[in-house]
Each structure stands twice: as C-alpha cells, then as structure tokens.
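Have a look at the structure below before the remarks.
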Amino acid sequence: MKQIKLKGKDIFDGHRFLGGNKVLLLDESGVVTGITDESAAGEAIREVDGILLPGFVNTHCHLELSHMKGVIPEKTGLPAFLTQVMQRRASGAADPQAAMATAAQAMWNAGVNAVGDISNGDSSLPPKKNSTLYFHTFVECMGVADAGAESRYQYSLGVLEAFRQINGRLHQCSLVPHAPYSVSKTLFEKLAATPDNTPVSIHNQETAAENQLFGSKTGDFMQFYATFNMDISGFEPTGGNSIEAYLPYFAGQKLLLVHNTFTSEADIRFAQSQPLETWWCLCPNANLYIEDRLPDIALLRKMNCNIAIGTDSLASNHQLSVWEEIKTIRAHFPGIPLEELLQWATSNGAAALGISGRYGSFTPGSQPGVLLLNEEVMRLF
C-alpha cells in the first residue's frame with residue numbers, strides 16, 4: 001500500500017505542536033501510521049504551506065434545526081429564542097431534509113470529522129446514513145410535569161432505538177435531558193438511571209433566567225411556561241443555581257455541560273466536588289447570537305476545566321464551523337494559545353465523546369482526517 005508523507009510548517013498532533021521538521025505518515029485510506037523526523041522520512045514528501053492538524057470534533061450541534069437558518073433574529077435572550085423555535089419550527093423556508101444534508105456537507109468542508117448531535121426525533125436519521133461524518137446522537141428528552149415523565153421517557157427511548165442501527169451498523173447514541181428548566185425531577189431520575197448511556201449532554205446555564213428560576217421561581221421562564229400552558233406547579237425552587245439541583249443525579253457518569261454562559265466559580269467548584277466526569281462545551285457564536293454574551297472562558301481555564309467546542313444550530317449561528325468558533329474565542333480572549341484552542345477542538349472533543357481511538361489526534365492507527373491551517377482551514381484527507 002502506498003504511503004503518504006506530509007510536511008507542513010508545523011504539525012499539531014491533537015495535543016501539542018511538534019515543530020516544522022516532522023513528517024506525518026498515512027496510508028492511502030488516511031489511517032495514521034506514524035510521525036517521524038524529516039531526516040528519516042525518505043523520499044516523496046509532500047510539502048504544504050500551513051499547519052497540519054487532525055479533523056475537528058464538533059461536540060454540540062442541532063442538525064435538525066438547519067432549516068431555521070436566519071429565521072429567528074439575534075440577541076432576543078434564550079426564553080424568547082426558545083419560544084420562537086417552538087412556534088416557528090415547522091415554518092422554516094427550507095426543506096428540512098435538504099437543509100440537514102447541506103449543513104452536514106458544510107461541516108465536512110469546514111474540517112469537521114465528528115459531531116455530537118442533538119435530536120428530539122428521528123428526522124436527522126436519513127442524512128446520517130452513509131455520512132462521511134461520524135455522529136454521536138444525543139436523543140434529547142424533556143417535560144416539566146412529573147405526571148408526563150413516563151410517556152416522555154418512553155417516546156425518547158423509541159427514538160433512541162431508531163438511531164441505534166443505521167444501515168445495520170451500530171450508531172453511538174445516548175438519552176439525555178434537554179436542560180434543567182425543561183426536565184422534571186421524575187424525568188431526571190429516569191434519564192440518570194438509563195443503562196449503558198454515555199456520555200450525557202445537557203444545556204447548562206445558558207441564560208441568567210435559568211438560575212433565577214431555580215433561585216426564586218421568577219424571571220422570563222415563567223412567561224415561557226405560560227405561553228405554552230406548561231404545568232410547573234410541581235417545580236420547587238432550590239434557592240441556589242440550577243447546576244446544584246441536577247448534577248447529583250448523574251453520580252459516576254460522564255457529563256457534557258453545554259454553553260455555561262452564566263456559570264460562576266462557585267458552580268464550577270460544586271461540579272468539581274461531585275463524583276462524576278465533567279466536560280465544558282463552548283459554543284461562543286451561538287451565545288453571542290442569543291444572549292449577546294460569552295462564558296467566562298478565563299475562569300474555566302483558571303479552574304482547569306476540561307473544555308471542548310461546539311457550534312449549536314443554524315437557528316442560532318451563521319455557520320457550523322469549529323474554526324469560526326475558535327476565531328471568535330481568539331478575538332475576545334487573545335491570550336489563549338492557539339495550541340490550547342486546537343486541543344479543545346480536536347483531542348478534547350474526541351475524549352468528551354469517547355471516540356479518541358479514531359478521532360481527535362494523530363495517534364498511529366487513528367483515522368481523524370487531516371486539515372491544513374493557514375489563516376483558514378482546508379481539508380487534505
């Protein structure tokens with residue numbers, strides 16, 4: 001089998017920069033066979049102008065909302081944004097299946113190789129069949145009334161089964177809560193007790209209204225519930241922030257906390273005190289689109305949090321590009337080294353999704369994809 005030898009200005013292997021004197025070795029199918037010194041690589045080395053790095057891992061996406069691109073205005077705040085998603089979800093101008101296929105191809109073109117994708121139903125199943133992208137589907141379950149917990153749970157279990165086999169091959173998926181404000185205690189208990197269910201994803205503290213709800217049962221979510229006649233009579237405020245109310249359900253599990261726009265140092269310390277593995281997913285462009293605010297990324301770094309990167313949906317973003325998310329972070333936090341940001345976008349994302357054996361790094365035997373970074377990203381494999 002022919003060996004492919006690539007040399008760039010530098011190689012980022014998923015963890016660190018290796019220097020410009022290294023050569024990446026691949027077989028014809030893109031499987032990494034090693035990294036060696038240029039002096040030992042022999043002939044037929046292909047030199048490229050830029051940094052070689054593994055394909056990106058998008059740890060949080062909503063492919064099924066792709067037809068809503070441009071439908072909802074920016075900076076409405078999350079409760080108003082969610083209201084419009086629910087009211088206008090069926091009225092997007094684009095055909096949903098065509099929009100999802102186009103969005104998936106655009107992710108691939110932007111250097112994404114693996115995706116953690118939220119699904120409320122099975123509408124995203126067709127575009128995931130035979131896709132060049134790897135998908136871990138997070139089947140999202142929600143329901144604020146305890147009385148409806150069993151029926152909601154059973155419905156989502158049915159969706160989970162639909163995703164488990166795609167074209168006869170095992171499709172990785174897990175059953176997850178939507179957010180603290182949309183899941184009852186009974187439903188949280190059922191989801192946390194689901195066997196062989198990892199990792200778990202949850203939208204965390206995306207808006208100040210979430211913490212206000214748990215603190216005093218006031219704020220913008222009260223109008224949201226009233227708009228859709230949701231029964232929240234059984235909800236009791238805890239007097240604290242939302243994260244304290246639900247994290248203990250998931251003891252011993254891996255949890256991917258998404259957005260974290262209003263997460264405080266006390267919240268992080270609480271999470272770190274719990275017997276679970278936490279990953280903190282950043283979706284900065286969506287945070288700016290919806291709340292016009294970014295998470296305290298400096299605080300997350302200071303607290304040594306495990307950080308990964310997502311894009312959220314085209315309802316809340318202008319593109320599904322991990323590189324565009326990195327560019328936004330660099331613009332607002334210029335002191336963060338590029339090496340660290342690329343780690344969040346590659347090996348950290350793979351570790352969060354449990355796919356480090358194939359994606360996120362140039363480990364021999366892996367097949368993560370190969371990108372060339374030179375101001376913008378170009379796919380080589």
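The values are calculated or read from the model by the stated rules, or taken from the named source; none is laboratory data. Quick caveat: nothing in here was measured; it's all calculated off a predicted structure. As a convention, Cβ positions derive from the backbone with ideal geometry for all residues, glycine included, and neighbour counts pool all protein chains shown.
Worth a mention:
- Only a single item in (1) buried (at least 21 other Cβ atoms within 10 Å of the Cβ); (2) in contact with a helix residue (DSSP H, G or I) (Cβ under 8 Å, 6 or more places away or on another chain); (3) more than 24 Å from Met68 (Cβ to Cβ); (4) not charged (D, E, K, R) is not met by Val176, and it is number (3).
- Pro275 falls short on exactly one of the conditions (1) more than 29 Å from Ala331 (Cβ to Cβ); (2) within 20 Å of the chain's Cα centre (by Cα); (3) assigned to a loop (DSSP other than H, G, I, E, B), and that condition is (2).
- Test: residue in region 76-92 that is within 18 Å of the chain's Cα centre (by Cα), surrounded by fewer than 16 Cβ atoms within 10 Å (Cβ to Cβ) and assigned by TED's automatic domain parsing to the domain that holds Phe235: no
- Where a residue in region 226-239 is surrounded by 11 or more Cβ atoms within 10 Å (Cβ to Cβ) and its partner, wherever it lies, is of a type in the set (Lys, Arg), with Cβ under 6 Å and at least six apart: Pro237/Lys217
- Lone qualifier among Ala98, Ala103 - being buried (at least 18 other Cβ atoms within 10 Å of the Cβ) and not in a loop (DSSP other than H, G, I, E, B): Ala103
- Of the criteria (1) over 29 Å from Gly55 (Cα atoms); (2) among the aliphatic types (A, V, I, L, M); (3) free of Cβ contacts under 8 Å to residues at least 40 places away in the same chain, which one Leu175 fails: (1)
- In the set (1) part of a strand (DSSP E or B); (2) more than 21 Å from Ser347 (Cβ to Cβ); (3) touching a Phe, Trp or Tyr at 6+ places or on another chain (Cβ under 7 Å), Ile4 fails one condition alone, (3).
- Near pairs, Cβ below 8 angstrom, 6+ apart or cross-chain, from region 353-371 (touching a residue at least 40 places away in the same chain (Cβ under 8 Å)) to any residue that is among the aliphatic types (A, V, I, L, M) and assigned to a loop (DSSP other than H, G, I, E, B): Gly365/Val31; Ser366/Val31; Gln367/Val31; Val370/Leu380; Leu371/Leu380
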